[in-house]
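Every read-out reported here was derived from the displayed coordinates using simple, explicitly stated rules and does not represent laboratory data. Since this is a predicted model, take the numbers as computed values, not measurements. Cβ placement follows ideal geometry from the backbone for every residue including glycine, while neighbour counts extend to all protein chains displayed.
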Amino acid sequence: MVNLVKSQKNAEYIQMMLSPLRVCMSYKPKFGHSKKEGGFSLEEFREMYQKDSFYTWLGLDSPLMYSAHKAAGGITSIYRQIGKGCERLFNKIIQDNLGISEESASWSYIVSTSGGKSRTLTLDARIASNDLSNDKKKAFDSWLAEARRKVGLASATRLVGAVFEVRQGYKSKDSKRQNADIANASNAYSHDYLPVFALLSSQIDDDVYDRYLSANWLILRGLPGSNDPYESVYAFSKQVLGYDLAGFFERNSPRIKSEIEKILTRLLSAR
């Protein structure tokens, strides 16, 4: 029975990763026309570019140009959809392995905007200490106390839990995104939560890494060879959540690779 449950959970988790990726199979570039629903087909692209004398003179109406646009935008979409899958997977692992509800594993806050309006901002997961059973609470509270020290907070600083921003990696230098993340950290602390960046890969820009450390984020990276739950998201998952996340990806790597291969093959063709 236990093995059946594990198998069912594995199947559920793998679908959480693969479902967003399948969106990429039908990706078509929009060439700056954001209102074009579904993007341009090869034929539509050629018709549009052949009406532009300059682009025609340069040969930019070539099917190879279309393939290049399709691949460039599609690969960006792959990273984005992998990120969505990681968010959903990490949140569900927290729910299942800490025995908490979807509501408990969610966190958002409201900010005021110009004109007296407000909007709700959401992070990807939450662990509140008081929502945990005694054995889970003991392990989490021990981790949280040391994490507080790692980010340089005074031992008297009150923390009721941690909130997580989950990404597949962080290669961007988008200052708007960085400012939003730093604002998220500030709001997390104002609600007595430790802000944690959970990166499933090891990829993060050095300058961004340093800036987030300065903003008192705890950064967990995709370091499967590390046993440190304050630097490795995989060590954290195994030691604090009680789930071998690295093992999940290792077991399911052939299937995920196969899906990615199909998507890349489609994206690199003009059709």
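Every test in (1) assigned to a strand (DSSP E or B); (2) surrounded by 13 or more Cβ atoms within 10 Å (Cβ to Cβ) is passed by I82 save one, and that test is (1).
In the stretch 53-75 there is no residue that is crowded, with 17+ Cβ neighbours inside 10 Å, under 26 Å from I256 (Cα atoms) and in contact with a Gly (Cβ under 8 Å, 6 or more places away or on another chain).
With respect to (1) more than 18 Å from F236 (Cβ to Cβ); (2) part of a loop (DSSP other than H, G, I, E, B); (3) within 25 Å of the chain's Cα centre (by Cα), the lone exception for S77 is condition (2).
Filtered by the rule that a residue be part of a helix (DSSP H, G or I) and surrounded by fewer than 20 Cβ atoms within 10 Å (Cβ to Cβ), the stretch 92-101 gives K92, Q95, D96, N97. Listed by first and then second residue, the pairs with beta-carbon distance under 7 Å, at least 6 apart or on different chains, first residue in the stretch 49-70 and touching a residue at least 12 places away in the same chain (Cβ under 8 Å) and more than 15 Å from G39 (Cβ to Cβ), second in a loop (DSSP other than H, G, I, E, B) and not hydroxyl-bearing (S, T, Y), are P63/A270.
On inspection, S104 passes the criterion of being farther than 30 Å from E261 by Cβ and part of a loop (DSSP other than H, G, I, E, B). Among the residues making up the stretch 132-168, those that are assigned to a helix (DSSP H, G or I) and in contact with a strand residue (DSSP E or B) (Cβ under 8 Å, 6 or more places away or on another chain) are F140, L144, A147, R148, K150.
Checked against (1) under 27 Å from S104 (Cβ atoms); (2) surrounded by fewer than 15 Cβ atoms within 10 Å (Cβ to Cβ); (3) touching a residue at least 24 places away in the same chain (Cβ under 8 Å), A215 passes all but a single condition, namely (2).
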